[in-house]
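What follows is one structure encoded as structure tokens, with my remarks underneath.
The values are calculated or read from the model by the stated rules, or taken from the named source; none is laboratory data. Only a predicted model underlies this, so the values are computations on that prediction, with no experimental measurement involved. We place every Cβ from the backbone using ideal geometry, glycine too, and count neighbours over all the protein chains shown. Please note that ligands, DNA and RNA were not included when accessible areas were found on the heavy atoms of the full protein model with its side chains. Shrake-Rupley method; radii C 1.70, N 1.55, O 1.52, S 1.80 Å.
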Amino acid sequence: MIDTEVFRTRLETERERVRAAVQFLHEDNSHSLEEETGEVNASGADNHLGDTASATYDRELEQGLEEGAEELLAKIDAALRRIDAGTYGTCENCGEPIGEERLEAMPWATLCIDCKRREEHG
């Protein structure tokens, strides 16, 4: 029998960690790209194109990280709902128990390892 309270604590801790990371990304992106690159300096001349390209890449990378974090938060919240519903640790595909080792590695897992492998190699 899986100790769901242990997993609840882990999931809640991870949720707070991810939320803090998202908040940091929001704060880090609160300024405009022009402010970040100094697009136009005091003399009105444009800064180096490479600076703008680098800043744009960094911004897109951060946005991708934020999207991934939002997706992870949704998975964590869904796992917490499964704990409340009494279905946590049960494969959503075949109904068999999800191995505790798998849940230790990925506490938001919804599929047992066999179903996950079939999904990936389908």
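Residues that are out of contact with any Gly (no Cβ under 9 Å at 6 or more places or on another chain), open to solvent by less than 70 Å² (accessible area, probe 1.4 Å) and modelled with pLDDT under 85: does segment 14-27 have at least one? Before you say what the answer is, go through the steps one by one.
Taking segment 14-27 as the starting set, the residues that turn out to be out of contact with any Gly (no Cβ under 9 Å at 6 or more places or on another chain) are 14-27.
Imposing the further condition that a residue be open to solvent by less than 70 Å² (accessible area, probe 1.4 Å) reduces the set to 14-15, 18, 20-22, 25.
Right, trim to modelled with pLDDT under 85 and you get 25.
Within segment 14-27, one or more residues are out of contact with any Gly (no Cβ under 9 Å at 6 or more places or on another chain), open to solvent by less than 70 Å² (accessible area, probe 1.4 Å) and modelled with pLDDT under 85.
Would you pick out the residues in segment 12-30 that are within 20 Å of LEU65 (Cβ to Cβ) and either among the small types (Gly, Ala, Ser) or in contact with a helix residue (DSSP H, G or I) (Cβ under 8 Å, 6 or more places away or on another chain) (or both)? Steps first, please.
Our first condition is that a residue be within 20 Å of LEU65 (Cβ to Cβ); within segment 12-30, this holds for 13-30.
Listed by number, the residues that qualify are GLU14, ARG15, VAL18, ARG19, ALA20, ALA21, VAL22, LEU25, HIS26, ASP28, ASN29, SER30.
Using beta carbons and a limit of 6 Å, which pairs, at least six apart or on different chains, have the first residue in segment 94-118 and in contact (Cβ under 8 Å) with a residue 12 or more places away in the chain and assigned to a helix (DSSP H, G or I) and the second one open to solvent by 60 Å² or more (accessible area, probe 1.4 Å) and among the polar types (S, T, N, Q)?
Here the result reads CYS115/ASN93, each pair linking segment 94-118 to a residue that is open to solvent by 60 Å² or more (accessible area, probe 1.4 Å) and among the polar types (S, T, N, Q).
Return the residue satisfying two criteria in turn: it lies in segment 79-105 and is exposed (fewer than 13 other Cβ atoms within 10 Å of the Cβ) and among the aliphatic types (A, V, I, L, M), and of such residues it is modelled with the lowest pLDDT.
Only one residue fits best here, namely ALA105.
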